[in-house]
Amino acid sequence: MIRVLLPPHLRTLARVDGEVQLDIEGPATQRSVLDALETKYPMLRGTVRDHVTQERRSLVRFFACGQDLSHESPDSLLPDTIAKGSEPFLVIGAIAGG
Amino acid sequence: MSGIRVLVGTRKGAFILTSDGTRKRWKVSSPHFAGWEIYHMKGSPVDPNRIYASQTSGWFGQIIQRSDDGGKTWNAPGSSPEELKSPDGSPKGESNKFVYDTSRETGKPFTTHQWYDGTQHPWEFKRVWHLEPSPDDPDTVYAGVEDAALFRTTDGGKSWHELPGLRGSDTGPKWQPGAGGMCLHTILLDPKNPQRMFIAISAAGAFRTDDGGKTWHPINRGLHSEYIPDPAAEVGHCVHRIAMHPSRPNTLFMQKHWDVMRTDDAGDSWREVSDNLPSDFGFPIDVHAHEPETIYVVPIKSDSEHYPPSGRLRVYRSRTGGNEWEALTKGLPQRNCYVNVLRDAMSVDSLDPCGIYFGTTGGQVYASTDAGDNWKPIVRDLPAVLSVEVQTLQ
């Protein structure tokens, strides 16, 4: 079970409170986590990744275990602590004014 | 008894203002979609409780929202709790998907337009500026988007598809973004001819289709724009807004980057009707609900000074379809006022006398219940107002 913490606006959109819990089949990667997130919460499609290119939106960041994983390959394995659910995978709206 | 519902889109959420037919006391809703930019909201003429909203954010992109109860509750179409439980599933997660049509079958869509530096630049979807529900089908809505293109849904917003003939017209590579981006901001559906539509793009100009959106051609003859190399070019004009009275769909009124214009032949030729305005720069333009020759603009000082001339917020009214303008000032601030009124931020109701409404970048929404003679703020401390639409409820 993977724990994902969404930014407040996306929690509102997905109608969830607190963390989201996702079951992943196979290796835990950014791609598999986001695929599972969008399957469970279809209204989030396009909000974290572009609909077509599947690339991370430029003002969205991925943090885990005190690291910025935003520029890692979407197919790189996430840290074990994320895969095991002991640490959350953080989706962050970047500080960019507004 | 009749009532009025004012749909206000702001930089930080949507607000719904309601009143009975007297238009004296207004109830202001709590913010919907708090923190998001709401470029536009508009109700279906067939079912006024069906309202569509464009919710957008630089962080999280474009969301389409729909209410079926007059704005009390909202869902991303196809993603309501009921639909998510459906085992067979209608299209899910598609309501926010605006993908340009690049298929060979549907024409010859261009993939580039002119960029600020004169080079060609690929089309990139950014947001929906304007939603125009069909006059006879609550599930059909047109969406004007940035980068400029026209999309349509026929399933209540669950999925959107481009009408590629517009970008595929042979002028696409000459379109260019204005300061606010390359947006399709005006969509007018001819109430007498379902095959005819008008749209406007900043900065490309106005376009018309006579075959239901399959093919389009520019309708910019008579426009004169000093900010493009050929001031009378076929395209490249920064049209800010076009308005139509439903009884006279061949007559259109235009507020251009500079100049207020008018056509009486469905855009085949335009003539200037700015005359005695203190400035012919501005954004919105609208038509009285019952007098097709009575029109309204809000003059703005210049293209860089986006506030009223002399710090006096004045709506100008012409009862002659242009050229003879009178300042409407009663109830509007007449000193130290430096707000702007954006292109989609003016609307009218259809009561008698006609009500006129507009919102400012300072967060005020002003209303007149006597066709513009007197004004009052019906709310005054909202975030910057992007759009105002009025529904007259029976």
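Cross-link partners for residue B:376 among the lysines, with Cα-Cα distance under 16 Å and sequence neighbours closer than 8 places in the same chain left out: B:24, B:27, B:330. Within straight-line reach of residue B:72, meaning a Cα separation under 13 Å, there are no aspartates and glutamates at least 8 residues removed in sequence or on another chain. Counting every pair of alpha carbons in chain B, the share spaced more than 35 Å apart comes to 20 percent.
The chymotrypsin sites (Phe, Trp or Tyr not before Pro) of the range B:287-352 that meet both conditions, a loop assignment by DSSP and at most 16 other Cβ atoms within 10 Å of the site Cβ, are B:338. Note on A:59-70: average number of Cβ atoms from other chains within 10 Å of each residue's Cβ is 1. So what is log10(I(q)/I(0)) for the range A:2-93 at q = 0.10 1/Å, when the Debye sum runs over its Cα atoms only? With no solvent term, the Cα-only Debye profile gives -0.21. For the protein assembly as shown, the ratio of Cα radius of gyration to the globular rule of thumb 2.2 N^0.38 Å stands at 1.00. Taking a straight line from the alpha carbon of residue A:40, these lysines sit under 20 Å away, with near neighbours fewer than eight places off in the same chain left out: A:84, B:85, B:92, B:97, B:158.
No value in this document is a laboratory result; all are computed from the given coordinates. Everything quoted here is computed from the prediction, not taken from an experiment. Positions of Cβ are backbone-derived with ideal geometry, glycine not excepted, and every protein chain shown enters the neighbour counts.
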